[in-house]
Amino acid sequence: MTLPAAYTFVKEFDPEPSKTMVMDRHYLLYAAKGVMRLEADGTGWTLPPARAALIHAGREITVTIPQSLVACSVLFDPSKFATPCASLSVFEMSPLARELVLSCRTYGPDSELDDLGLLMFKTLAATAWTLAEMPSKAALPTGQSKVVKHALSITEQHLAEDISFEAIAAAVAVSSRTLARRFADELGMTWRQVLRRLRMNHAMLGLADPERQITEIAFSVGYNSLSAFNAAFRDFSGQTPSQFRASTVTEIT
């Protein structure tokens, strides 16, 4: 079977462990509902409906589905569409890009691609390729050395607590000065900056679950005040927690 020049992959997923994949097409990875996690080359991202990833054909990525979601991703034939500006770019979705993806979802791999469909895919590609030139600053570092990876793991396990950098350094058996240097060299960030990103990304995962209370989520990622959590989340994501939740649970019509 000959696949069309572009098509949309739509599927509901239950939680799944990490899976490494390589696509033979340029791939717009998008969750229309829920949240997924993406990792490549020592960096990770949380992908709610407000964010997408554009991946060059042949690029290896690892995807984790921590909770139920609806995938609505688009695959583009590299011989018929321009090469993306980077092998992988995670970016904030515009309202136009989101509507284009949702409008294209009726064109699956088995569908006949008519003139209207091809025009929509070309418009989506032009929009997504442009957005990919402005990558998101919300990347999650994953580290290179065992020491930093271990420090990140311990930090992630204790997000709800007031754990200190000195305690993290002691847990991985290095001095605070050595660990700070490792963070700067491998991640380009301080531990405090990493801690904030981890807290915000875990908050995003929590907010995608409509059964969890926002106050409980705030406490689970280390905030003792809902107002402080709201301010931190808005500063990080550009949305209030309530606005972000609405974007992840909106019904797809």
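The values are calculated or read from the model by the stated rules, or taken from the named source; none is laboratory data. A quick note: this is a predicted structure, and the numbers were derived from the prediction, not measured. Heads up, the Cβs are rebuilt from the backbone with ideal geometry, glycines too, and the neighbour counts pull from every protein chain shown.
Determine, yes or no, whether LEU124 is among the hydrophobic types (A, V, I, L, M, F, W, C), in contact with a helix residue (DSSP H, G or I) (Cβ under 9 Å, 6 or more places away or on another chain) and in a strand (DSSP E or B). So LEU124 fails the test.
Residues of the stretch 144-174 that are closer than 20 Å to LEU205 by Cβ and among the acidic types (Asp, Glu): GLU156, GLU161.
Condition first: hydroxyl-bearing (Ser, Thr, Tyr) and over 27 Å from GLN243 (Cα atoms). Now tell me which residues in the stretch 46-88 satisfy that. Correct list: THR62, SER79, THR83, SER87.
No other residue among ALA180, ALA232, ALA151 is out of contact with any Lys or Arg (no Cβ under 9 Å at 6 or more places or on another chain) and small (Gly, Ala, Ser) apart from ALA180. Would you mind stating whether ASN230 is farther than 19 Å from ILE154 by Cα, in contact with a helix residue (DSSP H, G or I) (Cβ under 7 Å, 6 or more places away or on another chain), free of Cβ contacts under 8 Å to residues at least 24 places away in the same chain and surrounded by fewer than 20 Cβ atoms within 10 Å (Cβ to Cβ)? When the stated conditions are applied, ASN230 passes them.
In this structure, PRO109 does not satisfy being under 18 Å from the mean Cα position of the chain (by Cα) and exposed (fewer than 14 other Cβ atoms within 10 Å of the Cβ). Checking CYS72 against (1) in a loop (DSSP other than H, G, I, E, B); (2) surrounded by 15 or more Cβ atoms within 10 Å (Cβ to Cβ); (3) at pLDDT 95 or above, only one condition comes out false. Which one? (1) is the only condition that CYS72 fails.
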